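Working notes, beginning with the structure itself.
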Amino acid sequence: MTIKIKVCGLLESSNVESCISNSADMIGLVFYPKSPRNIEINEAYILNKKYSSLIEIVALVVNASEELIDNIISRVGIKTIQFHGNENIDYLESLKIKYNIKIIKAVSLSSDTLDNINNQSDAIDYYLFDSPPPIESNRPGGNGLTFDWGLINKLNLKKNWILSGGLTPSNIKEAINITGANFIDVSSGVESKIGKKDNDLITNFIYNARS
């Protein structure tokens, strides 16, 4: 079984090309001004136009306005959206009907949020399990923190899911062994500094995940 890999929070062409050359499955562009990985619509358009035929591109949003979502879909051309805020199922279902998009819904996984997983909704194509953010953080993800991976085994999942949250080249094998994940997501774990992706770390992460 080949592990699927998504590298999130990209800003530069060289990093996108590293993901492609290392056979990543998806890259993520962050549309959230509070994030150090935030990308502008015009820059996202350039990356999507250049690389979308080579790798699937995902837009990450946090409690975004429908205007922003419309711009991502109609102006940038991205058709897979990762919702990383408090978006409810009814809202996601309405967007899926309106735009015919693929939806990834992020969940900060803890013992308190296990019941928030709605396996019955056709709106969600993938759940993405992330670590709860620190109290002082203004970002719901990309904080470099892991969560209790054993919680995954307490879920009776019928949906596809992605493991995220504090994954690095050094811990990814353990994370896969504990959770049985076949789809993983990384952001801060392949950065040399906050918001700056490192091609060597990208290469090492993907190699370690699949070896």
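Laboratory data are not the source of any read-out in this text; all were calculated from the coordinates shown. Everything numeric in this text was worked out from a predicted model, so none of it was measured.
Is the chain best put as rounded, prolate or oblate by its Cα gyration tensor, with a ≥ b ≥ c the root eigenvalues, rounded for a/c under 1.5, and otherwise prolate when a/b is larger than b/c, oblate when not? Walk me through the numbers before you get to the answer.
Working: a/c = 1.44, a/b = 1.03, b/c = 1.40.
Verdict is rounded for the chain.
Distant-in-sequence amide contacts of LEU128, defined by a placed amide H-H separation under 5 Å and a gap of 5 or more residues or a different chain, comprise LYS105, ALA106, VAL107, ILE162.
What pairs from LYS49/LYS159; LYS6/LYS96; LYS173/LYS197; LYS159/LYS193; LYS34/LYS96 go past 32 Å between their alpha carbons? Write down the numbers at each step before the final one.
On the way: LYS49/LYS159 30 Å; LYS6/LYS96 21 Å; LYS173/LYS197 21 Å; LYS159/LYS193 34 Å; LYS34/LYS96 26 Å.
From LYS49/LYS159; LYS6/LYS96; LYS173/LYS197; LYS159/LYS193; LYS34/LYS96, over 32 Å: LYS159/LYS193.
Using 0.36 nm per residue and subtracting the Cα-Cα separation, the extra length available between LYS173 and ASP125 on full extension is 14.8 nm. Once you sort the root eigenvalues of the Cα gyration tensor of segment 1-98 as a ≥ b ≥ c, which label holds: rounded (a/c under 1.5), prolate (a/b larger than b/c) or oblate (the other case)? In terms of gyration-tensor shape, prolate.
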